[in-house]
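The values are calculated or read from the model by the stated rules, or taken from the named source; none is laboratory data. None of these values were measured; they are calculated from a predicted model. When the accessible area is computed, the model is the full protein with side chains, heavy atoms only, and any ligands, DNA or RNA have been set aside. Shrake-Rupley method; radii C 1.70, N 1.55, O 1.52, S 1.80 Å.
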Amino acid sequence: MSGERLRRVSAAGGSRRAGRSRRNDRGQTQIDFAVGAGVFLVTLAFVIAFVPTLFEPFAVADTASPLVSDRIADGTVDLLGASTNVSGEATAVHAPTRPGVLSPACTVAFFAPDAPFANDTGCPFDADTDLAVLFGTDDDVQIVVHDLNETAPTEGADGLDVETRAGTVENVSLHRSTADPRFVVDDVTVSRRIVSLNGAQYRLTVRVW
């Protein structure tokens, strides 16, 4: 009798252990599935929302490209850069010696082509050449040299006295454009560079539309 009872107890204990083992061996519950699906959906939404913005710097506008405005900004700094040519004679190669430092004579010739010595500075451009032709673009271009704290200037530093090797040129307006920027209706791309003129720092802004 006692032996029979022990066998029953043993069998019952084994059944309970087997049941607990089967319950502990479950691979996934509904809660696990719900949490996993929720994490996946949140991650997918994040990717869809934010990944396209990674390509915005390379997006091309309908009327102008940031590559064009960057090229013109770099080209302007290079054309107006101070070089070792101090003779005023034209040279085959213009080699600026200090990046970002503008030649006062070339700057005056560029922004004030009607200055008396504009075409006798030895700078690598013709002062009367149209900006679009000078930089090889079909778009309208505006180039402005202005104070550093101006974020959206339409005109450059007005009334500036520029000291050049040919003398001081008074009341120079450092802005030039192929069209009136106040009536721009298309998309505009903008590039900026920090430059120095006569020992003072300015910001050079190029707009292309």
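Against the condition open to solvent by 50 Å² or more (accessible area, probe 1.4 Å) and aliphatic (A, V, I, L, M), how does residue 188 come out, does it pass? Against the criterion (open to solvent by 50 Å² or more (accessible area, probe 1.4 Å) and aliphatic (A, V, I, L, M)), residue 188 qualifies. Looking at residue 186, is it at pLDDT below 85 and closer than 20 Å to residue 66 by Cα? Yes: the conditions hold for residue 186. Evaluating residue 48 against the criteria (1) modelled with pLDDT under 75; (2) open to solvent by 80 Å² or more (accessible area, probe 1.4 Å) leaves one unmet condition, (1).
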